[in-house]
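The structure appears right after this line, and notes come after that.
We did not get these values from a lab; they are worked out from the coordinates using the rules stated. Remember, it's a predicted structure, so these values are computed and weren't measured experimentally. Cβ: placed from backbone, ideal geometry, glycine included. Neighbour counts: every protein chain shown.
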Amino acid sequence: MTGAFRSLVRSRSGLLGLALSAVVVAATLVSLVWTPYDPGAVDPRASWAPVSGAHWFGADRLGRDLFSLVLAGARTTLLVSLAATVVAAVTGTLLAAAAAVTPGWVRAAVGYGIDVLIAFPTLLLAMVLVAVHGASTLTAVLAIGLGEGFFVARVMRAEMTRVLAADYVLAARAGGAGTWRILYAHVLPNALPTLTVLLSLVMAIAVLAEAALSYLGYGVPSSTPTWGRMLHDLQTQLTIRPQVLVWPGLAIVATVLGFNLLGDGLRDAGDPKARRT
Amino acid sequence: MRLLEVEDLTVRFGDSTVVAGVRLSLGAGERLGLIGESGSGKTLTALAVAGLLPPGAAVTGSVRFEGSELLGRRERAIAPLRGAGIGFVFQEPLTALNPLMRIGAQIGEPLRIHRGLSRRAARGAAAELAARVGLPDPERIVRAYPHQLSGGQRQRVGIAIAIAARPALIVADEPTTALDVTVQAEILRLLTALVEEEGSALLFISHDLAVVAQVSRRLAVMRAGRVVEEGPTLDVLRDPREPYTRQLVAAARATSWNPQETPS
Amino acid sequence: MTPVFLVRRLGLLAAALFGVSLLIFVLLRLLPGDVATIVGGVQATPEQLAVLRERLGTDRPLPVQYAEWAGGVLTGDFGRSMLNGVSVTDELARKLVVTLPLTLTAAVLAVAIAVPLGAYAALRQRAPDGAAVSALGQLGVAVPTFWMGIMLSVVFAVQLRLLPAQGFPADGWAEPGRAAASLVLPVLTLALAQAAVLLRFVRSATLEVLQADFLRTARAKGLTTGAALLRHGLRNAAMPVVSVLGIQIASLIVGAVVVEQAFSLPGVGKMLLADVGNRDLVKVQGTVLLLSGLVLVLGTVIDIVHRLADPRLRDTP
């Protein structure tokens, strides 16, 4: 693992990914204990305050400090995306295991079900859930998590099928190991590197999905600061002061780029073939 | 004038020298076996002759074919020689063929390139070539795709491509390594018979002493990018001078092979 | 291609459409409470609710409701809005006039951008410009579609004043020039977002082909590297890209919903967002089915095209 870590750091894009992800996580942690202003604090005198030493990114109509809102937005985005990624990892791995080890027609049915549901856009799933239950953090997490879960399931199914066909699994089976034992002792540990890489990429997709959902007005409640919601609210300023639209967008780009590059870097670091070139 | 004269051929990838000052010579109609372990530089030597090295390779030295220098030529100037002057048979018959193109089109392509044959005429010629390399039902097989053929059939296609434009030299790079043992012997017989009929010269590359000995009367042994020993096949086998050649011969004998005997 | 494959593939499509329609229907019926209370509001009297239930058909068993809805959809009737009783089919048709040109043009443009750029990035992999194109693609994947739209608006509509920033003519395509002008930035936004994803696949497919043995065979026959790439490489590189296109359709449709919102275009996506807010379940149900059905149908078409183009797939049942 240390060898993989070293080659991750050595590749320029992997290092950039690690750095960006670290900055976002650090911003989240910092925002938990400190922001320059209370992100919710209204200050009529600071309405549309320009960029200054007092307000690094300026302020919005209500005079809320945009830098503090962007910091606090990191918290929401990261937590929602992390929760969605966990949901995706659990459902995806369970589905993949079901599709890899069940016999005959069940395997075919689960496999085809995954292929169909992967084509069902995550955002549409979110729309259906919101239409029924209303917008909330839970619906956002569930919609993104389940939607990406099918994606995880498809990749993990292929990976598990590969591991199941390996000689050491055959040997274990010949030695009398049962399905559960093989899954637990051989398939999961060997599929873990793939899952790690995958989850970094899923995290990036989840950040984008959360931002889109919030932007459309159906993400976390409007009282919680998020980058997508900020852009939704600030879009009215498109013609007057477009500069306020830059920061939340850049925050999303940096976060997604970070997790994407980290995922790619982890994949290359774990792949001796790619490591050499 | 010799057909092919390679002098002081050196191939480098960045800092590593993979072929270091190789010297080879081949007269018209002659056959030369080039033998060595994997990584010895034998394949790269053959590719360098016709400018087929992967990008990033730096080549120096001299390669003269029919008296004219090939090294340093731009690709546009060397490409017309490939197929028409030097034909190639590669190791992996499946990946060496375009999976999306019909067999007939692939066999006929050298003729379209070098003789300007029409699509139709090339297809006709391809069927004749398919028959010559012993493919069953040539009219049907030229309409097939590579994945529909067996490994041995695919290598027959590879040989048909190599001889299509009647080159004076055929380079065969481990043409039987990827095949079953029984098929290997058939392909070897076919290749030598066709080279004989065509009067072409043959540069046969292999790591397998038994196979090379069967095909060529002269032998060059490569190791770590250099030709360490060269001479008539039987002399080299009976009295190997280099320790490495001795190892090779000893290893071949250990697998109960007798140089006088043809493997089946 | 065997007819068996075609029948099987269409059968699978039918099964998938059935499964997805059932899923949408069930998800929309997992309501805490019932539809009539949502439509009628909390002040509605029990008598009013009973009338509503009868009008909406929610007083009948679920299988009957599903059968009626699915039967209607098969004959082109997506039901009526729960809010104003307008035919959902008519509404969808009116909105598709915006959504279809948007997505189709964007899809074509995305391919037109991604294929040459991706191939270029692969061919010049070790050169700075090739690496720059790859990096640009990597960056493009990280940009949210709606923010890309906002930023394009800022540059081309607000700063340069070349194009309208928002909206679509109220009279639709009556003045084609004006309608088309208001679609330029949305199409560009959607196309760039899709192209960034596609570019990476084109690049890796081209890289793979560049290292392929059969390309060396083609050069050994007497072709130059460029000619070998054109005659043998292109089609081989296109195969994995085509199969990615099938998967990309879902993100194209989602992108269209977001772009319509960002540019406030009166398309299917913007309507869906409004209906979700209004909890017009019948319209949501119809729109989601139409959009996901579109994804499945186009995916199947691409799958079949892929089969036709690749002889290796043609022979497997």
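Assorted remarks:
- Overall dimensions of region C:3-74 as given by Cα atoms, namely Rg and Dmax in Å: 17.0, 59
- 10 Å Cβ neighbours from other chains, averaged over peptide A:107-114: 1
- In terms of its alpha-carbon gyration tensor, region A:183-277 comes out oblate; a/c meets the 1.5 threshold, while b/c is at least as large as a/b.
- Relative exposure of A:TRP105, C:TRP147, judged by other C-beta atoms within 10 Å (fewest first): A:TRP105, C:TRP147
- Region A:91-211 - Debye-derived log10 I(q)/I(0), Cα point model, q = 0.12, 0.17, 0.18 Å⁻¹: -0.50, -0.86, -0.93
- For chain C, the relative contact order comes to 25 percent (Cα pairs under 8 Å, sequence separation of at least 6).
- Region B:190-248 versus region C:96-113: alpha-carbon centroid distance in Å: 62
- Dividing the mean sequence gap of close Cα pairs (under 8 Å, 6+ apart) by how many residues chain A holds gives a relative contact order of 26 percent.
- Overall form of chain C per C-alpha gyration tensor (a/c, 1.5; a/b vs b/c): oblate
- For residues of C:144-155, the mean tally of beta carbons on other chains within 10 Å: 6
- Ranked B:GLU174, B:GLU198, B:GLU37, A:GLU210, criterion: other C-beta atoms within 10 Å, fewest first: B:GLU37, B:GLU198, B:GLU174, A:GLU210
- Electrostatic bookkeeping for A:ALA98 treats Lys and Arg as +1 and Asp and Glu as -1; over the other residues with beta carbon under 11 Å from its beta carbon, the sum is +2.
- Average 1/r across all pairs of distinct alpha carbons in region C:4-144, invert it, and you get the Kirkwood radius: 20.1 Å.
- The slack in the chain from C:LEU83 to C:GLN43, taken as 0.36 nm per residue of separation less the alpha-carbon distance, amounts to 12.8 nm.
- Tail beyond 37 Å, pair distance distribution of the protein assembly as shown (Cα, percent): 57
- When you restrict to C-alpha pairs under 8 Å that are six or more residues apart and normalise by the size of region A:92-251, the relative contact order lands at 23 percent.
- Over the protein assembly as shown: helical MRE at 222 nm, DSSP H runs n ≥ 4 each giving -39500 (n - 2.57), nearest 500: -20500 deg cm²/dmol
- As a calculated quantity, the FRET efficiency between B:ARG238 and B:ASP180 at R0 = 30 Å, using C-beta atoms, amounts to about 0.45.
- Under the simplified labelling scheme, the C:LEU207-B:VAL228 pair shows an inter-label distance of 3.7 nm, with each label point 7 Å from Cα along Cα→Cβ.
- Cut-off 12 Å, label 7 Å out along Cα→Cβ of C:VAL242, residues of region B:121-140 by amide N: none
- Partner chain coverage, peptide A:227-239 - average Cβ within 10 angstrom: 3
- Paramagnetic reach from B:GLU37 in region B:220-236 [backbone N under 20 Å; point 7 Å along Cα→Cβ]: B:220-230
- Residues of region B:64-92 with an amide N closer than 12 Å to a point placed 7 Å from the Cα of B:GLU198 along the Cα-to-Cβ direction: B:83-90.
- Projected onto their three principal axes, the Cα atoms of region A:2-269 cover extents of 77, 47, 30 Å, largest first.
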